[in-house]
Amino acid sequence: MEILEKFLEKDHDFKYATIVHCDTPSGVLNDLSKICPLLKKYGILTVVDSVAAMGGEDLQVDNWQIDIALGGSQKVLSAPPGLTIVSISPLAYQAMENRQSPIASFYCNLLTFKDYYEKNGFLTQCQFQTFMD
Ligand SMILES: *Cc1c(COP(=O)(O)O)cnc(C)c1O
């Protein structure tokens, strides 16, 4: 933590930082409760890869000021792969909405899913049309 603090004092012109919550091969568990608030002190968005930890380790996205946290179904939860669990803060949405260039990907564009059910209901327009035909 001291090394990171000293580094950030001198150099903190970053839009966001990515942090791995837990790395299984090396056994590292990063203390997000300290790292993320420190990054936020410098206005740096925090993106956490918690794929190997989510469901097994404490993860407090609001209290620890995590802007994006990602988890997967196939690790701790031991469920089939294919389900991504994601948490997005209002600041992260704001950063995505204020981009100068549009996000090129459909599935990797988290804005696609913002207010998805409010906008589309349970069925998408396309599914609804097929249902009605
Ligand atoms: C397994 C793992 C990934 C990769 O997840 P996949 O969904 O299998 O691609 C990413 N990050 C961490 C920390 C992991 O342990």
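Where a number appears in this text, it was derived from the coordinates with a stated rule and is not lab data. Nothing here was measured: the structure is a model prediction, and the numbers come from that model. FYI the Cβ positions are ideal-geometry reconstructions off the backbone, even for glycines, and counts take in every protein chain you see.
Worth a mention:
- Residue of L32, L83, L91 that the Gaussian network model of the chain assigns the largest fluctuation, springs spanning Cα pairs under 10 Å: L83
- Cα-centred dipole magnitude for the chain, charges only on beta-carbon of K, R (+1) and D, E (-1), debye, nearest 20: 200
- Remark: the range 83-89, residue by residue, has Karplus-estimated 3J(HN,Hα) of 9, 9, 10, 9, 10, 10, 7 Hz, where x stands for each Gly or Pro and the curve is 6.51 cos²θ - 1.76 cosθ + 1.60 at θ = phi - 60°.
- Extended-chain gain in nm, criterion 0.36 nm per residue less alpha-carbon gap, L111 and L83: 8.3 nm
- Rounded tilt (10° steps) of 32-41 against the dominant C-alpha axis of the chain: 90
- Three-way shape label, the range 2-79, alpha-carbon gyration tensor, a/c 1.5: prolate
- Ordering G55, N30, L4 by the projection of their Cα atoms onto the charge dipole of the range 1-72, which places +1 on the Cβ of Lys and Arg and -1 on the Cβ of Asp and Glu, puts L4 at the extreme positive end.
- For the chain, the 222 nm mean residue ellipticity estimated from helices alone, with every DSSP H stretch of n ≥ 4 adding -39500 (n - 2.57) and the total spread over all residues, rounds to -8000 deg cm²/dmol.
- Plainly put, the chain has a radius of gyration that is 1.05 times its Kirkwood radius, both from alpha-carbon atoms, as the Rg/Rh ratio.
- Beta bridges assigned by DSSP with both partners in the range 20-101 are antiparallel in approximately 60 percent of cases.
- Amide hydrogen neighbours beyond the local backbone of Q65, cut-off 5 Å, H modeled: none
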